[in-house]
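Participant: Sharing a structure here in structure tokens format.
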Amino acid sequence: MPTNQNVFSSLAAWRRRAVSRAVHRGARWVRETAAVTADRPGPYRFRRIGTGTRLAFPQGTVFGDPWIEIGDHCIIAQDVTLTAGMMPDLDLGPEPILTLGNGVVLGRGSHVIADVRLTIGDDCFFGPGVYLTTTNHSYDDPDVPVGKQWPRTAPVAIGAGSWIGTGAVILPGARLGRNVVVAAGAVVRGEVPDHAVVAGAPAKVVRSWDPQEGWQPPLRTPAPVPIPEGVTPEQLVALGEWRAEEPARAGEAYEAS
């Protein structure tokens, strides 16, 4: 009897592994097939979707796509919302409402809500859960529920090369310069100059670049060492392994002394 139990147990384990592999292969096939690209736009009619751009599956809420432009080599992660207009099926006129430049990366679960003009420059990177909006609720009338009052709108612009941290909120009217860093969880409104770091709610400039003095206040971490030209990937892997073994070599040398 124990022998039969072992056989049945082994068969059940084999079946579970086989089913698991099949499910994962199927899920991978769905993700690949349902991703949106210039060649496979799916149900969307984007004003433009550039070469090498990919919207991962599952996509978040997407509407107003004829007024959305997406540049080349962008990465739009899963569950990202991209909307133009306050609701679907509106005629928003001849000009684009939402424009993403080339090389933009939007992290998983981010929301980009553009009721009026919203532009994101080239090579901007957004962490997961970032919220950008051109519209904000108003609460002028204390006798009317806030959600029923007409919202206020203002254009938003994110300068090229900026980095927006996880969970940041960019409010209507925000205009960020080039290579701006927004700390995780910051709430940004108004003007932010080029080469500034902002943090907090509301966000304030906590570090800025001076052409003569460099970063002020000075950075607390050393600058990264650039990779020399001509170094191959194999050499980088070997260097990483060598550095990983460095503490052990130091311990051996100490014991030997």
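Participant: Using the Karplus curve 6.51 cos²θ - 1.76 cosθ + 1.60 with θ = phi - 60°, what ³J(HN,Hα) values do you get for each residue of segment 115-130, in whole Hz, with x for Gly and Pro?
Facilitator: Once rounded to whole Hz, the list reads 8, 10, 4, 9, 10, 10, x, 4, 6, 8, 10, 10, x, x, x, 7.
Participant: Calculate, for the chain, the solvent-accessible area per residue in square angstrom, rolling a 1.4 angstrom probe over the heavy atoms of the protein chains.
Facilitator: Ligands and nucleic acids excluded, the result is 63 Å² per residue.
Participant: Rounded to the nearest 20 Debye, what is the dipole magnitude of segment 1-125 about its Cα centre when Lys and Arg each give +1 and Asp and Glu each give -1 at the C-beta?
Facilitator: In total the dipole reaches around 1100 debye.
Participant: Right, another one. Please turn the phi angles of segment 60-73 into ³J(HN,Hα) values with the Karplus equation 6.51 cos²θ - 1.76 cosθ + 1.60 (θ = phi - 60°), one per residue in order, whole Hz, x for glycine and proline.
Facilitator: Result, rounded to whole Hz: x, 5, 9, 8, x, 4, x, 10, 10, 10, 10, x, 7, 6.
Participant: Which stretch or stretches of segment 185-216 have amide N atoms under 13 Å from the point lying 7 Å from Arg152's Cα along the Cα→Cβ direction?
Facilitator: The answer is 189-190, whose backbone nitrogens lie closer than 13 Å to the label point.
Participant: Once label points are set 7 Å from the Cα along Cα→Cβ at both Arg17 and Ala34, what is their separation, rounded to one decimal in nm?
Facilitator: 2.9 nm
Participant: Could you rank the peptides 186-196, 41-51, 229-239 by their average count of other C-beta atoms within 10 Å per residue, with the highest value first?
Facilitator: The packing order, highest mean first, is 186-196, 41-51, 229-239.
Participant: How much length would be gained if the chain were fully extended between Val237 and Val205, taking 0.36 nm per residue of separation minus their Cα-Cα distance, in nm to one decimal?
Facilitator: Gain on extension, Val237 to Val205, equals 7.7 nm.
Participant: Evaluate Rg over Rh across the chain, taking Cα atoms for both radii and Kirkwood's formula for Rh.
Facilitator: On the Cα set of the chain, Rg over Rh gives 1.13.
Participant: A follow-up question, please. Val80's amide H: which non-local residues (gap 5+, or another chain) put their own amide H closer than 5 Å, with H modeled 1.01 Å from N in plane and none for Pro or chain starts?
Facilitator: Sorted by chain and number, the residues that satisfy this are Gly60, Gly109.
The values are calculated or read from the model by the stated rules, or taken from the named source; none is laboratory data. Worth saying up front: this structure is predicted, and the values here are computed from it rather than measured. Note that we place each Cβ from the backbone using ideal geometry, even for glycine, and neighbour counts take in every protein chain shown. Accessible surface is based on the protein model in full, side chains and every heavy atom, while ligands, DNA and RNA are left aside. Shrake-Rupley method; radii C 1.70, N 1.55, O 1.52, S 1.80 Å.
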